[in-house]
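Presented below is the structure to which this report refers.
Just so you know, all these numbers are worked out from the coordinates, no wet-lab data involved. Predicted, not measured: the structure shown is a model, and the values here were computed from it. Virtual Cβ from ideal backbone geometry, glycine too; neighbours counted across all protein chains shown.
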Amino acid sequence: MGRELVTIQVGQCGNQVGRQFWTMALEEHAKHTKNGIFDESMSTFFRNVEHGYDLPMSQRIKNLRARAVLIDMEQGPVAETLNGPLGELFDSSQFLTDVSGSGNNWAHGYALYGAKYKEDILEKLRCATEHCDSLQSFFILHSMGGGTGSGLGTYILSLLEDHYPEVYRFTTAIFPSADDDVITSPYNSMLALHQLTEHADCVIPIENEALFAKVSSTTSKEKSFDGMNRIVARVLTHLTSSMRFEGSLNVDLNEITTNLVPYPKLHYLLSSLSPLTTKSPSYQTVRLSHLFNDIFHVQNQLIQTSPRTNGVMLACGLLFRGNVQISNVQSHLTKLKAEMKLIYWNEDGFKIGLCNVPSLDCPKNQPSVLALSNHGCIVETFDRMQQRFLKLYRRKAHVHHYTEYMEECQFDLALESNRWLIAEYNKLNSIQESPCERQLPQF
Ligand SMILES: Nc1nc2c(ncn2[C@@H]2O[C@H](COP(=O)(O)OP(=O)(O)O)[C@@H](O)[C@H]2O)c(=O)[nH]1
Ligand SMILES: [Mg+2]
């Protein structure tokens, strides 16, 4: 314990997801603080300062500041955070804004704002990192479909690679839905994906389409972003829970990436949660068998795919929260392994984490699980992106907006990179269990 994460939220989506994330992280720590004093568990995400945020609970913790940098090229989303209830979590060394936005243009965010703000961003990062004793990871939150999160967000990723090569770059990227209102989102996503493949250590892709399906259809899109973003916040708090709280099997981010990324560029992790519902109070007693039944169902995935029927699983992390015994997990795991298609050289490839502190969104301290898997069904996301991209690119529609800031060949390089990714995952999907190869000596 005691290793820090610095969150970098970029663009509207990144900052709105960040708001839900910080709210949830604070709620969790408020609920589990023992004597109302700053403790180790909080130091992953927060530091203790002279004047800062006070946890609004009966046992108050005074003066918290988030380990975060807030960036947007327009004013709205960051201003809303600073002027809202979370405002005092951040000081002026932690945010950076411009006024005119990136016009939903990846190249504008990447090339223009990247060059303009490089030094300012490095200075903000320096401030954030000098307060850490043992910085483990950068946690980047952004969308793929717009201009700032997508363009400047991926520019920052390569800055991090150059200036902090030893620190993990863990990215949560929100992918646009088919009916996205940003016309150029297929270009932005494709260009950003190329950067994620080259410069991130690990990416959790989350599709808005999958999130939409999980929040009530009666609320308007704008309003339901809060509900959708809360699901993303659950993934992030869950992922980091065993770095922050006690548990019988702690798993930290390094272990996840070591276990789940067998090839450096194939670092995309499918995420799913169980139970997963925003309509509470809905569940009676959650049993381990429910969690195992649901976790690989389409409805529980945060991208639109079915890992039970499509593709091969390369490796998986099952992170449990709440009162869960390892002996019970093992018996369910045996059944699950028999049901899923696992790559033959990693048939035991499940990393298990157990954290005692239950998830906030599971009432009555019931258990829950987050699955992160490196799974070949992810090609469906890349395929969909490619189809949407080609629909515009075959006609070169809107290309001139981009060539103001970049060479046109970057489109082709990004497309080539995506095709490579699809081909690599498909190669693994089509590997059949190979008895001859399995009989080879193990050296
Ligand atoms: N899940 C989610 N998606 C968002 C949110 N805000 C914007 N988006 C999506 O993000 C894309 C647009 O990017 P946005 O973050 O607004 O642009 P930027 O400010 O230029 O980075 C579109 O696909 C939107 O549907 C949000 O709060 N939550
Ligand atoms: Mg914006």
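Restricting things to alpha carbons, tell me how big the range 234-350 is in terms of Rg and Dmax, in Å.
Every Cα atom of the range 234-350 included, Rg and Dmax give 14.4, 42 Å.
Just name one of 79, 225, 11: the one whose Cα is farthest towards the positive end of the charge dipole of the range 4-264 (beta-carbon charges, Lys/Arg +1, Asp/Glu -1).
The Cα lying farthest towards the positive end belongs to 225.
Please give the contour-minus-distance gain from residue 334 to residue 246: 0.36 nm per residue of separation, less the Cα-Cα distance, rounded to one decimal in nm.
Working: separation 88, 0.36 × 88 = 31.68 nm, distance 2.61 nm.
Stretched out fully, the residue 334 to residue 246 stretch lengthens by 29.1 nm.
What full-extension length gain, to one decimal in nm, is calculated for residue 325 and residue 37 as 0.36 nm per residue of separation minus the Cα-Cα distance? Write out the running numbers ahead of the final one.
Details: separation 288, 0.36 × 288 = 103.68 nm, distance 3.01 nm.
Additional length available on full extension: 100.7 nm.
For the residues 184, 277, what sequence is obtained by ranking on other C-beta atoms within 10 Å, fewest first? Don't jump to the answer; show the numbers that get you there.
On the way: 184 23, 277 17.
Placing the least packed residue first, the sequence is 277, 184.
Can you tell which of 355, 136, 51 lies farthest toward the positive end of the dipole of the chain, using +1 and -1 charges on the Cβ of basic and acidic side chains (Lys, Arg; Asp, Glu)?
So the residue we want is 355.
May I ask which residue of 261, 171, 330 lies farthest towards the positive end of the charge dipole of the chain, with charges of +1 (Lys, Arg) and -1 (Asp, Glu) on Cβ and the Cα centre as origin?
330
Which order do 225, 212 fall in if you start with the one that has the fewest other Cβ atoms within 10 Å?
Final ranking by Cβ density, sparse to dense: 212, 225.
So how many Å³ per residue does the convex hull of the Cα atoms of the range 147-202 work out to?
69
Using the beta-carbon distance between residue 298 and residue 396 and R0 = 22 Å, what value does 1/(1 + (r/R0)^6) give for FRET efficiency, to the nearest 0.05?
Details: r = 36 Å, r/R0 = 1.63.
That pair, residue 298 with residue 396, gives E of 0.05.
Mind jotting down the three principal axis lengths of the chain based on Cα atoms? Whole angstrom, largest first.
Principal-axis extents of the Cα atoms in the chain, largest first: 58, 56, 50 Å.
Assuming 0.692 mPa s and 37 °C, estimate D for the range 112-262 with Stokes-Einstein, Rh taken as the Kirkwood radius over Cα pairs, in µm²/s.
On the way: Rh = 16.9 Å.
This corresponds to a translational diffusion coefficient of 194 µm²/s.
Under 1.5 on a/c is rounded, so check that first for the range 4-264, then, if it is not, pick prolate when a/b is larger than b/c and oblate when it is not; a ≥ b ≥ c are the square roots of the alpha carbon gyration tensor eigenvalues. Each step should come with its number before you reach the end.
On the way: a/c = 1.38, a/b = 1.31, b/c = 1.05.
Note, shape of the range 4-264 comes out rounded.
Treat every Asp and Glu Cβ in the chain as -1 and every Lys and Arg Cβ as +1, leave all other atoms uncharged, and give the resulting dipole magnitude about the Cα centre to the nearest 20 debye. Numbers along the way, then the final one.
Values: 39 positive and 48 negative charges, 264 e Å.
Dipole of the chain, to the nearest 20 debye: 1260 debye.
Once the Cα gyration tensor of the range 1-93 is diagonalised, what are the square roots of 5 times its eigenvalues, in whole Å and ordered largest first, as equivalent ellipsoid semi-axes?
Numbers: eigenvalues 105, 36, 26 Å².
Equivalent-ellipsoid dimensions as semi-axes: 23, 13, 11 Å.
What spacing in nm lies between the two simple spin-label points modelled at residue 412 and residue 133, each 7 Å away from Cα in the Cβ direction?
If labels sit at residue 412 and residue 133, their model points lie 5.3 nm apart.
Would you mind ranking 274, 373 so that the residue whose beta carbon has the fewest other beta carbons within 10 Å leads the list? Numbers along the way, then the final one.
Details: 274 22, 373 26.
The order, fewest Cβ neighbours first, is 274, 373.
Which ³J(HN,Hα) values, rounded to whole Hz and listed in residue order, are derived for the range 339-355 from phi using the Karplus coefficients 6.51, -1.76 and 1.60 in 6.51 cos²θ - 1.76 cosθ + 1.60 with θ = phi - 60°, glycine and proline given as x?
Going residue by residue, I get 8, 9, 8, 10, 5, 5, 7, 9, 5, 9, x, 10, 9, 9, x, 10, 10 Hz, with x marking Gly and Pro.
How large is Rg/Rh for the range 380-433, to two decimals, with Cα atoms and a Kirkwood Rh? Let's see the in-between values first.
On the way: Rg = 14.0 Å, Rh = 12.6 Å.
My calculation of the ratio gives 1.11.
By a straight-distance test (C-alpha under 30 Å), which lysines pair with residue 124 as possible cross-link partners, with residues fewer than eight away in the same chain excluded?
Candidates past the 8-residue exclusion: 62, 116, 265.
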